[in-house]
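These notes concern the structure reproduced below.
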Amino acid sequence: MNIPTQAPGAARSALKRADGTAVRVLVVDDEATLTDLLQMALRYEGWEIRTAADGREALATARDFRPDAIVLDIMLPDLDGLQVLNRLRTSGSDVPVLFLTAKDSLDDRIAGLTAGGDDYVTKPFSLEEVVARLRGLIRRSTLLAADESGPDIVVGDLVLNEDSHEVTRDGEPIELTATEFELLRFLMRNPRRVLSKAQILDRVWSYDFGGRASVVEIYISYLRKKIDAGREPMIHTVRGAGYMLKIPTVGS
């Protein structure tokens, strides 16, 4: 693993919570050496860090600390990372989760993401990669300061506010996870344009899962259930090409 060369007092991150305080990250791993390295690298970013060595400690710390992102190892001594994530989501938490695992399996990557995780790094990894992935997830979160966001995006009766991360359709609020939000934002920035699975993987996840585009299908289905359920559909599959967002035709 590469250790950041930046001096401890020289945090370069401009990311802040909306109230101006430091971003909070919870690191969950039972390898003390790895946890120490991650803690050091993330503190260089100017972030506030807490750690946990097992699943139950992670859940308790998450309740008290209320992190803006979690780095979560899948292999833990009690509850595994997928169980921890399931309990977080069941409790109503949509905190972005970056999975760490020694398993180099595409199926495990898909399992973590379908369980509600937002990104995935396989050990061994560089600390710089973890930091970059976390910065991407945190930028999508609702807790960033206003200078990290932009104006509304409007397509028909669908409105996505990059300032507050609120999404509405026909005035009704829609709750999205960080990854769902980023996927919808990409679609809304390109209305009536067919986006391939490869383009979506590159833009939303920044890497291609070795070509496993099924993760795109999974998240498109999540969005459809939230955006199109009981309404005229806006998200369309263009067979053999990709996906497109467009305003429903009147009378369709």
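Each peptide in 59-69, 165-175 gets a packing score, the mean of other Cβ atoms within 10 Å over its residues, and the list from highest to lowest is 59-69, 165-175. Check the straight Cα-Cα distances from residue 197 and name the aspartates and glutamates below 14 Å, setting aside those fewer than 8 residues away within the same chain. By straight Cα distance, residue 197 reaches 208, 217. Going by the alpha-carbon gyration tensor, a ≥ b ≥ c the square roots of its eigenvalues, is the range 14-69 rounded (a/c under 1.5) or, if a/c is not under 1.5, prolate (a/b greater than b/c) versus oblate? Judged from the Cα gyration tensor, the range 14-69 comes out oblate (a/c at least 1.5, b/c at or above a/b).
Wrap a convex hull around the Cα atoms of the range 24-139, take a quarter of its surface area, and give that in square nanometres.
So the Cα hull casts an average projection of 6.3 nm².
Taking 7 Å along the Cα-to-C-beta vector as the label spot, tell me the residue 190-residue 225 distance in nanometres, rounded to one decimal. The answer from the label model is 2.5 nm.
FYI, it's all coordinate maths here, none of it is from the lab. Computed from a predicted model, the values in this text were never measured in an experiment. Note that we place each Cβ from the backbone using ideal geometry, even for glycine, and neighbour counts take in every protein chain shown.
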